[in-house]
Amino acid sequence: MRTTKRSPFASVGLHAGLLLGTACALFPPLWLLVTSFKPESESFTTALVKDFTFANYRHVIADTRFLTWFGNSLIVVVGTTVIGVLIAATTGYALSRFRFPGMRPLMWVLLITQMFPMAVLIVPLYNTMAKLGLLNQPLGLIITYLTIAVPFCAWMMKGFFDTIPVDIDESGRVDGLNPFGTFWRLILPLAKPGIAVTGFYTFVTAWAEVAYATAFMTGEENLTLAGGLQTFVNRYGSDWGSMTAAAVVIAVPAAVVFGFAQRHLVGGLTAGATKA
């Protein structure tokens, strides 16, 4: 086999491109962090922090409803993640292992739902939630986010379960397990990478989504973090220091979840893409 050696110019160009891409990715969050420690008078200056202050963080925590927003988001995120992972895993396993009437249409429905832009669905979903009395209710947002996360995650979990040998299921049936027992006791422990990816995707969907959160939740006591963040910068005024401080605090839980899930993310995404 012939091997080609990269020329020095190609190596320089490659590393320069990687450094440029890294700088473009890191600059926004780093500048957000820097701005959060600036006093309001220096928010738009290009200099680094001259008068280091925690005033923005104190204002966000003590003088706003940030903790209420955080609690609302926590309820929505936990509900969406737990229910979404359970539905996606069981649906993916059923599509991978069983053949039943309507299987193909169901797979097409899961795929087609991903083609609709979120902006198109806001009005019909809003009307539906209004008729069900779920506006300004965490359950309404949980159901809405499940319509986003479950179809994609179910397809991904199906691809992951396709990579697990069917012989394991057969051995479970020989030992007297029913289909759900086989899934719960034998298959699910082997699907940790796929579960990690599914959980992380549903978490991010519920934690960072803005459009549905601001449309379905009104009143400061009902807002989630995404909706509450918009109250700092609106048509009546702009408090960039508080907004950047709140954004930094909001990013911490996402970073923690990513830290726990990251070792499974690459394996889960790769396995789910092989036979999806």
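The values are calculated or read from the model by the stated rules, or taken from the named source; none is laboratory data. Just so we're clear, the structure is a prediction, and the values are computed from it rather than from any experiment. FYI the Cβ positions are ideal-geometry reconstructions off the backbone, even for glycines, and counts take in every protein chain you see.
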Among the residues listed as 122, 112, 148, 142, the single one being more than 15 Å from residue 197 (Cβ to Cβ), at pLDDT below 90 and in contact with a Ser or Thr (Cβ under 6 Å, 6 or more places away or on another chain): 148
Region 11-35 - residue that is among the small types (Gly, Ala, Ser) and surrounded by 11 or more Cβ atoms within 10 Å (Cβ to Cβ) and, of those, nearest to the chain's Cα centre (by Cα): 13
Checklist (1) under 28 Å from residue 89 (Cα atoms); (2) modelled with pLDDT of 85 or more; (3) part of a loop (DSSP other than H, G, I, E, B) applied to residue 188, failing item: (3)
Looking only at region 53-79, and only at residues there that are charged (D, E, K, R) and part of a helix (DSSP H, G or I), the one that is nearest to residue 252 (Cα to Cα): 58
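Among what's in region 164-185 and is buried (at least 18 other Cβ atoms within 10 Å of the Cβ) and part of a helix (DSSP H, G or I), pick the residue that is farthest from the chain's Cα centre (by Cα). Spell out how you get there, then give the answer.
At the first step, the residues of region 164-185 found to be buried (at least 18 other Cβ atoms within 10 Å of the Cβ) are 164, 169, 172, 182-183.
Next cut, part of a helix (DSSP H, G or I) only: 169, 172, 182-183.
Values: 169: 31, 172: 34, 182: 29, 183: 25 Å.
Among them, the one singled out is 172.
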Options 159, 172, 102, 71: the member that is of a type outside the set (A, V, I, L, M, F, W, C) and at pLDDT 90 or above: 71
Search result, residues across region 232-276 that are of a type in the set (Ser, Thr, Tyr) and either in contact with a Cys (Cβ under 6 Å, 6 or more places away or on another chain) or modelled with pLDDT under 80 (or both): 236, 238, 270, 274
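So which of 50, 38, 5 is surrounded by 13 or more Cβ atoms within 10 Å (Cβ to Cβ) and outside any helix (DSSP H, G or I)?
On the way: 50 fails: surrounded by 13 or more Cβ atoms within 10 Å (Cβ to Cβ); 5 fails: surrounded by 13 or more Cβ atoms within 10 Å (Cβ to Cβ).
Result of the check over 50, 38, 5: 38.
Any chance you could count how many residues in region 247-261 are closer than 18 Å to residue 229 by Cβ and either touching a residue at least 60 places away in the same chain (Cβ under 8 Å) or surrounded by fewer than 16 Cβ atoms within 10 Å (Cβ to Cβ) (or both)? Quick ask: steps written out before the conclusion?
In the first step, residues of region 247-261 are kept if they are closer than 18 Å to residue 229 by Cβ; the result is 247-255.
Next cut, either touching a residue at least 60 places away in the same chain (Cβ under 8 Å) or surrounded by fewer than 16 Cβ atoms within 10 Å (Cβ to Cβ) (or both) only: 247-249, 251-252, 254-255.
Counting residues in region 247-261 that are closer than 18 Å to residue 229 by Cβ and either touching a residue at least 60 places away in the same chain (Cβ under 8 Å) or surrounded by fewer than 16 Cβ atoms within 10 Å (Cβ to Cβ) (or both) gives 7.
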